[in-house]
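Colleague: Pasting a structure here, questions to come.
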Amino acid sequence: PVHNMRDPATQRPLLEELKAAGYVRYLGVTSTAPSQYEAMADVMRTQPIDFIGVAYAVDDRAAEEVVLPLALERGIGVLAYTPFGRGRLWQRIGERPAPEWAADFDAHGWAQLMLKFVLAHPAVTVACPGTSDPAHLLENLGAGRGRLPDADARERIVRLVDGLPAA
């Protein structure tokens with residue numbers, strides 16, 4: 001990918017050559033900076049790309065404004081980075097137990113609740129939580145099982161997290 005939107009006008013043609021030669025399967029652009037999302041949207045509108053990578057978490061929904069709807073409209077895959085807000089959400093949650101109603105969509109703990117929130121967005125292809133802890137890996141994998149939250153549950157999650165103290 002053209003990581004962090006570093007000169008897509010130069011890098012994308014090179015990647016297209018590599019794709020045509022069979023060295024690269026998918027072309028994309030990434031950025032976790034909302035200030036770059038409009039430039040990303042311009043690339044999405046004008047260039048043949050297969051995926052984007054953006055920051056997306058229950059308390060970081062800037063990608064919902066332009067790039068996620070555009071990806072859905074244009075059939076562009078979405079890698080959702082930082083679904084735990086780079087650790088910020090864990091600081092906000094503290095020792096609070098996950099809400100009991102999270103079981104309504106098969107979330108058993110905060111990690112699964114947050115990942116299911118991200119995965120339930122219709123534009124999101126995959127969430128990239130990242131961990132080096134095998135126990136966390138197993139917990140994260142559980143988010144791929146069972147039901148996803150519907151629109152009402154997603155709004156309930158937003159209200160819950162918005163009500164938490166700042167990190």
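The values are calculated or read from the model by the stated rules, or taken from the named source; none is laboratory data. Quick caveat, the model's predicted, so the values are computed rather than measured. Glycine also receives a Cβ, built like all others from the backbone with ideal geometry; neighbour counts cover every protein chain displayed. Ligands, DNA and RNA are excluded from the accessible area calculation, which covers all protein heavy atoms including side chains. Shrake-Rupley method; radii C 1.70, N 1.55, O 1.52, S 1.80 Å.
Colleague: Based solely on its DSSP helices, what 222 nm [θ] is calculated for the chain when runs of n ≥ 4 H residues each add -39,500 (n - 2.57) and the sum is averaged over all residues, nearest 500 deg cm²/dmol?
Modeller: -11500 deg cm²/dmol
Colleague: Of all the accessible heavy-atom surface of the chain, with the other protein chains kept in place and a 1.4 Å probe, what percent is carbon and sulfur?
Modeller: Here carbon and sulfur together make up 53 percent of the probe-accessible area.
Colleague: Just flag the trypsin sites (Lys or Arg not before Pro) in the stretch 1-31 sitting in loop per DSSP whose Cβ has no more than 14 other Cβ atoms within 10 Å.
Modeller: Sparse-neighbourhood loop trypsin sites (Lys or Arg not before Pro): Arg6, Arg25.
Colleague: Per residue of the stretch 157-164, what does 6.51 cos²θ - 1.76 cosθ + 1.60 with θ = phi - 60° give for ³J(HN,Hα)? Whole Hz please, x for Gly and Pro, Karplus curve as stated.
Modeller: Once θ is set to phi - 60°, the couplings for the stretch 157-164 become 5, 4, 4, 4, 5, 4, x, 6 Hz.
Colleague: Which percent, to the nearest 5, of DSSP beta bridges fully inside the chain are antiparallel?
Modeller: 5 percent
Colleague: Once amide H atoms are built 1.01 Å from N in the peptide plane, which residues 5 or more positions from Gly53, or in another chain, come under 5 Å H to H?
Modeller: For Gly53, the qualifying residues are Val29, Thr30, Ser31, Leu79.
Colleague: Can I ask one more? Looking only at Val54, Val66, Val124, which one moves most when the chain is put into a Gaussian network model with springs between Cα atoms under 10 Å?
Modeller: The residue that fluctuates most here is Val66.
Colleague: Same structure again: Looking at the stretch 95-167, which trypsin sites (Lys or Arg not before Pro) are in a loop (DSSP not H, G, I, E or B) and have at most 11 other Cβ atoms within 10 Å?
Modeller: Arg145
Colleague: For the stretch 25-81, what is the convex hull volume of the alpha-carbon atoms per residue, in Å³?
Modeller: That works out to 68 Å³ per residue.
Colleague: Right, next: Under the definition of Cα pairs under 8 Å and six or more residues apart, what whole-number percent is the relative contact order of the chain?
Modeller: 19 percent
Colleague: Report, in degrees rounded to the nearest 10, the 0 to 90 angle that the Cα long axis of helix 37-46 makes with the longest principal axis of the chain.
Modeller: Rounded to the nearest ten degrees, it is 50.
Colleague: What is the distance in Å between the Cα centres of the stretch 1-74 and the stretch 134-167?
Modeller: Between the Cα centres of the stretch 1-74 and the stretch 134-167 lies a distance of 25 Å.
Colleague: Among Leu138, Leu119, Leu72, which one shows the biggest mean-square fluctuation in a GNM of the chain, springs joining Cα atoms closer than 10 Å?
Modeller: Leu138
Colleague: Let me ask something else. Among 88-94, 106-112, what's the highest-first ranking by average C-beta atoms within 10 angstrom per residue?
Modeller: Most protected by this proxy first, the peptides run 106-112, 88-94.
Colleague: Restricting the calculation to Cα positions, tell me the Rg (one decimal) and the Dmax (whole number) of the stretch 37-167 in Å.
Modeller: 14.8, 46
Colleague: Taking only protein heavy atoms and a 1.4 Å probe, what accessible area per residue, in Å², does the stretch 1-145 have with all protein chains in place?
Modeller: I get 52 Å² per residue for this part.
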